[in-house]
Amino acid sequence: MKLFWMLLVWMSLTIAVSAFAQTKAGDAANGRVLFVKNGCYQCHGYEGQGGTAGARLAQTKLPLVAFTAFVRNPPSGGMPPYRAKVMSDQELADVYAHIKTFPEPKAAKDIPLLNN
Ligand code: HEC
């Protein structure tokens, strides 16, 4: 009987943990679609490389919470705010997961054109 209860507790914990993981972990493939659909690429570039219109996002140091807070309410006015009505927390977690896949920029010494 004791074993039954231990198993039951173990199973409900496993289910609870996996449900939590499902809502939290970002889906990078969906994030890729959202990054384009919501126009992030227009200022930040397809690889999050940044440019004249937006900051570099590749290799961001921001944790997900700070990232979400920033996108909801960018301080400078250079970027439009994306409220929860436009993009849910889950959608932002997906975009964040996609951003995390962006490659590190090459070092200047590894770019032939800069070393001629
Ligand atoms: C109209 C141009 C524009 C669009 C569209 C845009 N951004 Fe930005 N973003 C900026 C600018 C400019 C900055 C630099 C900070 C500022 O001016 O607020 C920035 C900064 C950021 C930063 C902070 C980078 C850092 O490390 O300091 C994040 C994160 C970010 N943007 C994410 C996004 C995401 C995600 C989207 C799409 C949902 C998006 N941005 C769409 C212009 C834009």
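A few remarks follow.
- The gain in end-to-end length when the D110 to L62 segment is fully stretched comes to 14.6 nm, 0.36 nm per residue minus the alpha carbon separation.
- For the range 27-104: span of alpha carbons on each principal axis (Å, largest first): 30, 28, 23
- Per-residue ³J(HN,Hα) for the range 66-72, Karplus 6.51 cos²θ - 1.76 cosθ + 1.60, θ = phi - 60°, Hz, x for Gly and Pro: 5, 4, 4, 4, 5, 5, 5
- Electrostatic bookkeeping for E104 treats Lys and Arg as +1 and Asp and Glu as -1; over the other residues with beta carbon under 13 Å from its beta carbon, the sum is +2.
- Here the 3J(HN,Hα) profile of the range 94-104, calculated from phi with Karplus coefficients 6.51, -1.76 and 1.60 at θ = phi - 60°, is 5, 4, 4, 4, 5, 4, 5, 8, 5, x, 5 Hz, Gly and Pro shown as x.
- Over all other residues within a Cβ to Cβ distance under 15 Å of V86, the charged ones net out to +1, with Lys and Arg as +1 and Asp and Glu as -1.
- From phi via Karplus (6.51, -1.76, 1.60), per-residue ³J(HN,Hα) for the range 109-115 in Hz, x at Gly/Pro: 5, 9, 9, x, 4, 8, 10
Values quoted throughout were computed directly from the atomic coordinates according to the rules given, and no laboratory measurement underlies them. All values derive from a computational prediction rather than experimental measurement. So basically every Cβ, Gly included, is an ideal-geometry build from the backbone, and we count neighbours across all protein chains shown.
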